[in-house]
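Please read the structure below before turning to the comments.
The values are calculated or read from the model by the stated rules, or taken from the named source; none is laboratory data. Nothing here was measured: the structure is a model prediction, and the numbers come from that model. For neighbour counting, all protein chains shown are included, and Cβ atoms are generated from backbone atoms with ideal geometry for every residue, glycine included. SASA here: full protein model, heavy atoms, side chains in, ligands and nucleic acids out. Shrake-Rupley method; radii C 1.70, N 1.55, O 1.52, S 1.80 Å.
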Amino acid sequence: MAKVTRDDVARLAGTSTAVVSYVINNGPRPVAPATRERVLAAIKELGYRPDRVAQAMASRRTDLIGLIIPDARQPFFGEMAHAVEQAASERGKMVLVGNTDYVAEREVHYLRAFLGMRVSGLILVSHALNDLAAAEIEAWDARVVLLHERPEAIDDVAVATDDLGGAELAVRHLLEHGYEYVACMGGIAETPAVGDPVSDHVEGWRRAMDAAGISTEGRLFEALYNRYDAYQTALTILSGPERPPAIFCSTDDQAIGLLRAARELRIDVPGELAVAGFDDIKEAALTDPPLTTVASDRPAMARAAVDLVLDDGLRVAGARRERLKVFPSRLVTRHSCGCA
């Protein structure tokens, strides 16, 4: 059976091959709705499949978006990646995902690989963008949107949630329950101080405590972001002589590790220990007890990031654009804090 070509589609639709290209590529010129419908009907009837490789060679762009994240095994990043993939699919794009495992060299590796594939744009969730990665982005003049974190190494467009305000909400809520003070499980000491969500969560905790006139000295504990290392850290904290009455965790994954440690040590939550997290991953509603946390609108953030990275004005010099799009945080109260 002969391969169906663009000429065949144009002939059946009663139009030119250029118009067929405009329909397939959504531009660059507009097509009348009636003509578009004829072209789409012809494509469906003939079973035409565009040659994506040829399209990429002609336009020097592919239908791919590169997404670089720290670790898809962590539920927050897995859910974020899924939301980006759904948003990209709505725009007719596919997503390539690279996991850096918080290693700067792997981040640079994926940057070079994805940019070398001529992706339409990059969505970057960077733990701490280094100078080499920033130079790579500048050298390729790449379309980049920073998602969830706002590294200061490059001056680019970012989509984030109100991490600082959300943390304040959670800590104020715990204090309103009457707990003497709230301890904080933050990140590790090497965590960057600017643009990093966990650093903002810690700062929000400090502000809420300061506003209540309560000291934070000796009440900040370092922990990695995943539940497994947080569990080990929590065993030490909860076994100590001065066990906190309440703990705010910078991530839900940390809080899940903390809840497991409390269960093993036979510490009643929330009777003897109140817990709150941040992210509202799906699992937070199923913990025992269900976890009070702070939610961000990940689907809306993903759509915003995809729309921005595909925006033709993103790389135009002097173009008016929103440098930072911040989505509000929302407190989700469940039983771990003491709420009914």
### Query
How far is helix 252-264 tilted, in degrees, relative to the longest principal axis of the Cα atoms in the chain, given as a value from 0 to 90 rounded to the nearest 10?
40 degrees
### Message
Counting only helical runs of four or more DSSP H residues, what would the 222 nm mean residue ellipticity of the chain come to if each run contributes -39,500 (n - 2.57) and the total is spread over all its residues?
### Response
-13500 deg cm²/dmol
### Query
Rolling a 1.4 angstrom probe over the protein heavy atoms, how many square angstrom per residue are accessible across the stretch 195-340?
47 Å²
### Query
In terms of the ratio Rg/(2.2 N^0.38 Å) built on C-alpha atoms, what value belongs to the chain?
1.21
### Message
Of PRO328, PRO197, GLY271, which is farthest towards the positive pole of the chain's charge dipole, taken about the Cα centre with +1 and -1 on the beta-carbons of Lys, Arg and Asp, Glu respectively?
### Response
PRO328
### Task
Mind putting together the pair-distance distribution for the stretch 205-340? All Cα pairs, 5 Å bins, whole percent per bin, short to long.
2, 9, 17, 18, 17, 11, 8, 7, 6, 4, 2, 1, 0
### Query
Taking 0.36 nm per intervening residue step and subtracting the Cα-Cα distance, what contour gain separates LEU265 from ALA32 on full extension?
77.0 nm
### Query
To the nearest 10 degrees, how steep is helix 197-211 against the longest Cα principal axis of the chain, on a 0 to 90 scale?
40 degrees
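Between ALA285 and GLU90, what FRET efficiency follows from the Cβ-Cβ distance if R0 is 35 Å, with the result rounded to 0.05? Kindly include the intermediate steps, with their values, before the conclusion.
Values: r = 26 Å, r/R0 = 0.76.
Step by step, r from the Cβ atoms, then E = 0.85.
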### Task
Could you please put VAL326, VAL182 in sequence from largest to smallest accessible area, using a 1.4 Å probe?
VAL326, VAL182
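Using per-residue counts of other Cβ atoms within 10 Å, averaged over each peptide, order 239-251, 35-47, 272-284, 64-76 from highest down.
Ranked from most to least packed, the peptides come out as 272-284, 64-76, 239-251, 35-47.
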### Message
Suppose every Lys and Arg Cβ carries +1 and every Asp and Glu Cβ carries -1, with no other charges. What dipole size does the stretch 173-254 come out with about its Cα centre, to the nearest 20 debye?
### Response
180 debye
### Query
Cα axis of helix 33-46 to longest principal axis of the chain: angle in degrees, 0 to 90, nearest 10?
90 degrees
### Task
Positive end of the charge dipole of the chain (Lys, Arg +1 and Asp, Glu -1 on Cβ, about the Cα centre): tell me which of VAL182, ALA88, THR287 has its Cα farthest that way.
ALA88
### Task
Can you pull the one-decimal nm distance between simple spin-label points at VAL103 and GLU242, each 7 Å off the Cα toward Cβ?
3.9 nm
